[in-house]
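Everything below concerns the one structure shown next.
Every read-out reported here was derived from the displayed coordinates using simple, explicitly stated rules and does not represent laboratory data. Just so you know, these numbers come straight off a predicted model, no measurement behind them. A quick note on method: Cβ atoms are made from the backbone with ideal geometry, for glycine too, and the neighbour counts reach across all protein chains shown.
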Amino acid sequence: MQINQDMAMNEKARTVVLARRPGPDISVDDFALVDQPLPEPGEGQVRVRNRYISVDPYMRLALSDRNGVSAAKPLGEAMTGGAVGVVEASRAPALPPGTMVTSQFGWRDRFVADASAVQAVSAEGVQPSWYLGLLGLTGMTAYAGIEYILAPAAGETIFVSGAAGAVGSVAAQLAKQRGCRVIATAGTDEKVAWLKDVLHLDAVANYATTDLAAFLARECPGGIDHYFDNVGGPTLDAAITAMKPKGRIVVCGAISQYNTPNYCAGPGEFFKISEKGITIVGLNVGMWFDRGKEAFGDLAQRVATGKLIWEETIVEGLDNAPQAFVSLFSGQNRGKMVVAVDPAR
Ligand SMILES: NC(=O)c1ccc[n+]([C@@H]2O[C@H](COP(=O)([O-])OP(=O)(O)OC[C@H]3O[C@@H](n4cnc5c(N)ncnc54)[C@H](OP(=O)(O)O)[C@@H]3O)[C@@H](O)[C@H]2O)c1
C-alpha cells in the first residue's frame, strides 16, 4: 500500500470529469480534463493504457438530475463507459503486459484496476475500436432489436430512424439482409445519400427538411410492419401514425429527447397504440449480452465477407472526447463515434 501511495506522487493519469450539469445546449464546457494519481498495480491488478474510448448517447442520461432511471452523476466524477486498451504493467499472471482488454472505466488515458474488472479480448483479425461498437454495445443492440425482438420477415416493411448512426446503420442492414423493405431517416443530405447509395436502403428522408408524415404515407402506402426507434419525439409520433394494425415497435433510443427536462415522456400519439393493436417492446442492451457470442460471431463474419458495412467516425485525442460526445447531439458522426486516445501502442 505504501508503494502505491509513493507512486501516486509521481505517476498521473489524464481523466475527463463532469464539471457542471449540462442544460439543453450541452457543451464541451460541461466537462474538464484533470490529472489524477496513478498508483502502481497491487497484487492481482493491472495498469492499462487505453487505445480507444467510446462516447455514446446513453451517457447523457446520467448527467442531469431528472426523472429518469439513471441516478445523476456527481460533479467532478469521471465519465465512465467502454474503452479498449493494452495492459502495460501487471501483477495478475492471467493478463501479462501486451494483453488487449476492454473495460468500463471510461474517458481516461490510463488506469489501474483489479484483473477481474477488465476483459481480455483477441486482437486477431479485428480493429481494437470494434470492441466499442460492432463487437460491443452497438452491435449487440442492433442485433437484439432486429434478430431477437422484431425478427421481421422477408417482404415486410421496417422503418429505422437514426439510420446513419452506429446502431441504426447495423439495424438497417440486418433488416435489409432479412429481405425487408427498409425505410429510414437521417439528419443530413449526405447521410441520406450514403444510406441510399452505399447501404442500398429502399427509401430515405432527411428528417430535418422533410414532412415525415407525408414521406411515410408515400413510401409505405400499406403501412409499416416494424419500427426500430432510435430517436423518439416527433419521429416516433409519425411512425405510430403510419404503423399497420398489429405492427411492432422496438424502443431502442430517444436521442431527440435526451437534452430535455423529461426525456422519459411518452409519445403524443399514444392511444393509437390501442386503436391499432400495436406491440411496443423495450430494448435494454444490458439484458442481451448472454447472446453476445452468437451475435458478435455473426456480425464479424458479415463484415469479413463484405455483407455488412461497419462505419466509424474517429476523433483524435482524449482532450477532444467532450467535443466528440457533444457532437453526437448535432449528428456529426456517421456510424460509431469513437475517440482514439493512443491508437499507435
Ligand atoms: N436501448 C439500448 O440498450 C441502447 C443501446 C445503445 C444505443 N441506444 C440508443 O440508440 C440510439 C442510437 O445510438 P448510437 O450509439 O447508435 O448513436 P448514433 O446514432 O451513432 O449517434 C447519435 C445520432 O443521433 C442523431 N440525432 C441527434 N440528435 C437528434 C435529434 N434531435 N433527432 C433525431 N436524431 C438525432 C444524429 O444523427 P442525425 O444526423 O441523423 O441527426 C446522431 O448521429 C440512441 O438513442 C441511443 O441512446 C440504446
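Per-peptide packing, taken as the mean over residues of other Cβ atoms within 10 Å, places 305-312, 129-136, 172-179 in the sequence 129-136, 172-179, 305-312 from highest down. When each of 220, 264 is scored by the number of other beta-carbon atoms lying within 10 Å, the sequence from fewest to most is 264, 220. Ordering 200, 226 by the number of other Cβ atoms within 10 Å of each residue's own Cβ, fewest first, gives 200, 226.
Here the range 245-297 has an Rg and Dmax of 14.6, 40 Å, counting Cα atoms alone.
Each 10 Å bin, from zero up to the one with the longest distance, holds this percent of the alpha carbon pairs of the range 1-90: 15, 38, 29, 16, 2. Quotient of the Cα radius of gyration of the range 137-287 and 2.2 N^0.38 Å, N being its number of residues: 0.94.
What number results when the radius of gyration of the chain, computed over Cα atoms, is divided by 2.2 N^0.38 Å? The partial results should precede the final answer.
Values: Rg = 21.1 Å, N = 345, 2.2 N^0.38 = 20.3 Å.
Here the answer is 1.04, to two decimals.
Once the chain from residue 43 to residue 309 is taken as fully extended at 0.36 nm per residue, the excess over their C-alpha distance is 91.5 nm.
Using a cut-off of under 12 Å, list every residue of the range 8-39 whose amide N is near the label point 7 Å from the Cα of residue 117 along the Cα-to-beta-carbon line. From the range 8-39, the list is 39. Where both bridge residues fall in the chain, DSSP classifies roughly 55% of the beta bridges as antiparallel.
The residues 192, 28, when put in order of fewest to most other Cβ atoms within 10 Å, stand as 28, 192. Separation of the range 237-288 and the range 21-90, taken as the distance between their Cα centroids, equals 29 angstrom. Other residues whose C-beta falls under 11 angstrom from the C-beta of residue 152 contribute a net charge of +1, scoring Lys and Arg +1 and Asp and Glu -1.
Projected label points at residue 154 and residue 188, each 7 Å from Cα along the beta carbon direction, are separated by 3.7 nanometres.
Close Lys pairs in the chain (alpha-carbon distance under 30 Å; sequence gap of 8 or more, or different chains): 27. Pairwise inverse Cα distances across the range 13-161, averaged and inverted, put the Kirkwood hydrodynamic radius at 17.4 Å. Dividing the C-alpha radius of gyration of the range 84-166 by 2.2 N^0.38 Å, with N its residue count, gives 1.46.
Convert 25 °C to kelvin, take the viscosity as 0.890 mPa s, use the Kirkwood radius over C-alpha pairs of the range 122-197 as Rh, and evaluate the Stokes-Einstein diffusion coefficient in µm²/s, rounded to a whole number.
Once the numbers are plugged in, D ends up at 189 µm²/s.
Remark: spin-label model distance residue 208-residue 34 equals 3.5 nm, labels positioned 7 Å along the Cα→Cβ axis.
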